[in-house]
Amino acid sequence: MKSFSTRMPRLGTENAFSVIGKAKKFEKEVLEPQGKKLIYLQIGEPGFDTPKNINDAAIKAIQENQTHYTPTAGIPALREAVAKDASKYSATPYEASDVVILPGGKPVMFYMLNALIDEGDEVIVPNPSYPIYGSVTQYLGGKMVPIQLKEENEFNFSADELKALITPKTKMIILNSPQNPTGGVYKKELIEEIAKIAIEHDLWVLSDEIYDRMVHEGEHVSITSVPGMQERTVVLNGCSKTYAMTGYRIGWAITKNKEMANYIEQLACNDVSCTNTMTQYAALEAVTGPQDQVDYMLSEYKKRRDLMVSLVNEVPGMHCHSPKGAFYLMVNVRELLDKLSITAAELCDRIMKEAHVLILPGTVFGLYGDDFVRFSYVSTEEHIKDGLARIKSFIESIY
Ligand SMILES: Cc1ncc(COP(=O)(O)O)c(C=O)c1O
C-alpha cells in the first residue's frame, strides 16, 4: 500500500469520545453483570430533549417534501433570521449574505482554518479549550500557540499575555466565550483589548459563541461589538447547545468579510453541497419561534450548577468557583493529585472504576488542564447528587 498523507498524523481528535467509549465498555462488561450502572457527569451536550415545536417543524418539512438540495449557504429565510439574531451583539447589523449555514458549529473551525492557514502560520489558541481548534491548526501545518486561561482570573487571560505571544507569523486568535471546558466568560474589558490588539497586528479572529445564551450572570459580549471587528472575525454559532439539537447538525459562520464568507461557502460546496434541508427548517423554527423552552433549560442549568458547585466543594481535595457560563465545571484537584501521586487522567480512571462516575481529566482540553477535572452539570439533580455522593465517599476512603 502507498502511504497516507503526511498531514494525517498531525490530525488530533476529541479524546473525550475515546474516554466515553472506554467507559461504556467497562459499564457493559464489568458493571452490568453486577446490576450496576455508571453515572455520566461528563456529558458535553444538553440534558433536555429538543423542544417539540422544533421537531414538528422538521417533520412538517419532510411532509412538505423539503427533501432536496438547498443553496450551499442555506435557505434565505434562515440566513436572514440568523443575521438578525446575531446583530443583537454586533456593532453594525449583519445581513443574510454575511451568514453561511453549515452542518454544525464544528465545520466553521475547519473551513475558516483551511481558508487561512499555511505551513508555519501561528494561531493563538486558549488552553484548556475545545481540542479541535489545535487539531485542525496542526493538521494544516500551522503552529498552535497556547494561551493559558487562568483559574485565578476566572479563566481569562490578560492583554499583556496575549501581546507576548504575537510574532510576525501570528495570523489568527481563537476565542471561546462562554468557554468549554472552564465555564469562564471573557470580561468586556478583555474583549475590547483583544480587539485593539487584533486590529493593530492585523489578525483574524474566530469567535466561538456556541454557548452565547448560556451566561448565568451578566451578559454575553461578542468581539463583533467592537467597531472594525466584523470584517476580521468569523462568529461560530448554531443550534446544538441552545436548542438541544446536537444530533440535527446545524450551525453557521457569520462574517462581514465577503472573501472569507465566499471561501467558507466554497469549502462547504466541495465538502457537503449543503446542510440537511429539514434541519434548516427546524433551525428556522428554533431561531424565530418561542424561546420559553430555552429560558426554562437555562434556569434549570443554573440550579444544577449551584447544586454541583456546593457538592463538589464538599469533596476533600476538590475545589471550584461558580462558573458564569456554559454548562461545565472545571474543578481544581491539584491537592488530591499531589497527595496520591497520580495524574488527572489516572484520578478519573479510578473514579470511574471505583466510584462508578464518569468525569473528564482537564488534560483532554490541553496541557494547562493538568490541575483539573471537568464535570458538566446537564445531568438531572438526582444524578448530580448521587454521583457526587459516590465521589465523596470514594475520595474520603483514600484521602
Ligand atoms: C466550544 C465548542 N465549540 C463548538 C462545538 C461544536 O458544536 P456543534 O455540535 O454544533 O458542531 C462544541 C461542542 O461541544 C463546543 O464545545
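Only the coordinates and a few stated rules stand behind these numbers; no lab work does. It should be emphasised that the depicted structure is a prediction, and the values quoted were computed from it without experimental measurement. Virtual Cβ from ideal backbone geometry, glycine too; neighbours counted across all protein chains shown.
Some notes on this structure:
- Cross-link reach is defined here as a Cα-Cα straight distance under 18 Å, omitting same-chain residues fewer than 8 places apart; for K143 the lysines meeting it are K163, K169, K171.
- Annotation note: trypsin sites (Lys or Arg not before Pro) in the range 1-93 located in DSSP loop regions with a Cβ neighbour count of at most 10 within 10 Å are K2, K36, K37.
- Amide H contacts for V145 (H built 1.01 Å from N in the peptide plane; partners 5 or more residues away or on another chain; cut-off under 5 Å): V123, I124, V125.
- For I199, I75, order by how many other beta-carbon atoms lie within 10 Å, fewest first: I199, I75
- Our coupling estimate for the range 251-261, obtained by passing each phi through the Karplus curve with A = 6.51, B = -1.76, C = 1.60 and θ = phi - 60°, is x, 7, 10, 10, 7, 8, 8, 4, 4, 5, 4 Hz, Gly and Pro reported as x.
- When the Cα convex hull of the range 54-288 is projected onto planes of every orientation, the mean area is 11.9 nm².
- A simple rule links phi to the HN-Hα coupling: the Karplus curve 6.51 cos²θ - 1.76 cosθ + 1.60 with θ = phi - 60°, which for the range 352-365 gives 5, 6, 9, 9, 6, 10, 9, 9, 10, x, x, 5, 4, 10 Hz, with x for Gly and Pro.
- Cβ-based charge dipole, the chain, positive-most Cα from P181, L116, P361: P361
- Relative contact order for the chain, counting Cα pairs under 8 Å that sit 6 or more residues apart, in percent: 23
- Cα-based reach from K353 at 28 Å (exclusive), listing lysines while leaving out same-chain residues under 8 positions away: K22, K24, K25, K28, K36, K37, K339, K385, K392
- As a calculated quantity, the FRET efficiency between N262 and A91 at R0 = 25 Å, using C-beta atoms, amounts to about 0.70.
- The HN-Hα couplings worked out from phi for the range 309-320 by the Karplus form 6.51 cos²θ - 1.76 cosθ + 1.60 (θ = phi - 60°) are 4, 5, 6, 4, 6, 8, 7, x, x, 10, 8, 8 Hz, whole numbers, x standing for Gly and Pro.
- Neighbour counts of C-beta atoms inside 10 Å place V30, V373 in the sequence V30, V373, starting with the fewest.
- Here's how it looks for Y40: its modeled amide H is under 5 Å from those of L358, which are all 5 or more places away or on a different chain.
- Antiparallel DSSP beta bridges within the chain, percent to nearest 5: 45
- Part-to-part distance (alpha-carbon centres) for the range 308-379 and the range 1-66, which is given in Å: 21
- Residues whose amide H comes within less than 5 Å of that of G238, counting only those at least five positions distant or on another chain, are W252 (H built at 1.01 Å from N in the peptide plane).
- Cα centroid separation, the range 134-207 to the range 96-131 (Å): 13
- A viscosity of 1.002 mPa s and a temperature of 20 °C, combined with the Kirkwood radius over C-alpha pairs in the Stokes-Einstein formula, give the chain a diffusion coefficient of 98 µm²/s.
- Leading residue at positive end of dipole, the range 87-158 (Cβ point charges), from I147, P107, S158: P107
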